[in-house]
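Before any comments, here is the structure.
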Amino acid sequence: MSKFILPTLAALAATGLAASPAFADEPDDKEEPKEITKGEEELAKLLKGRVAGEPVRCIRNYPTQRLQIIDKTAYVYGRGRTIYVQRTKHPEDIDDDDILVLRTTTGSRLCRLENLTTVDRYSGFFTGAVFFEEFVPYTRVEDEAEG
């Protein structure tokens, strides 16, 4: 910082003006609403009629298990009554033109913090690394009229 700015900030702090929102380091309490993306809309359709459960560290990963990639949003594993949503540490990097390459060290389980990379679907070139978070299970809710 410039030697002229420091005395000015000190003077503002002494008068209490530095605590005003214009000078505060903390973000405003008012967060702007998030824009609903195409990926979020697609995920919402998949999750319709399902309820989120407690996040889990690992899921079973069978070769026949379905994987759906929702661009810039999430990976969705499984089919049937329960599906698992993996948003990753950086969901904005999820690209449905990429292929997820798994090098699992846990056998038939897929866990958070696995060594995952992506390659371009068409060229086969490396496109990035993936860092999984916990998996969130979504289970289909039975209608009371049915049961």
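Each reported figure results from applying straightforward, stated rules to the coordinates on display, with no laboratory input. Note that the structure is predicted; figures quoted are calculated from it, not measured. Glycine also receives a Cβ, built like all others from the backbone with ideal geometry; neighbour counts cover every protein chain displayed.
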Rough spin-label spacing in nm, given labels placed 7 Å along Cα→Cβ, for residue 48 and residue 111: 3.7
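For residue 139 and residue 81 in the same chain, what is the full-extension length gain: residue separation times 0.36 nm, less their Cα-Cα distance, in nm? Write out the running numbers ahead of the final one.
Numbers: separation 58, 0.36 × 58 = 20.88 nm, distance 0.56 nm.
Roughly 20.3 nm would be gained on extension.
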Neighbour net charge for residue 113 - beta-carbon separation under 13 angstrom, K R +1, D E -1: +2
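Taking 0.36 nm per intervening residue step and subtracting the Cα-Cα distance, what contour gain separates residue 35 from residue 58 on full extension? Working shown, then result.
Details: separation 23, 0.36 × 23 = 8.28 nm, distance 3.04 nm.
Residue separation times 0.36 nm, minus the Cα-Cα distance, leaves 5.2 nm.
Report the full-extension gain for the segment residue 65 to residue 96: residue separation times 0.36 nm, less the Cα-Cα distance, to one decimal in nm. Intermediate values should be presented prior to the final figure.
On the way: separation 31, 0.36 × 31 = 11.16 nm, distance 1.74 nm.
Between residue 65 and residue 96, full extension yields 9.4 nm more.
In terms of the Cα gyration tensor, with a ≥ b ≥ c the square roots of its eigenvalues, is the stretch 38-140 rounded because a/c is under 1.5, prolate because a/b exceeds b/c, or oblate?
On the way: a/c = 1.78, a/b = 1.26, b/c = 1.42.
Since a/c reaches 1.5 but b/c is at least a/b, the shape of the stretch 38-140 is classed as oblate.
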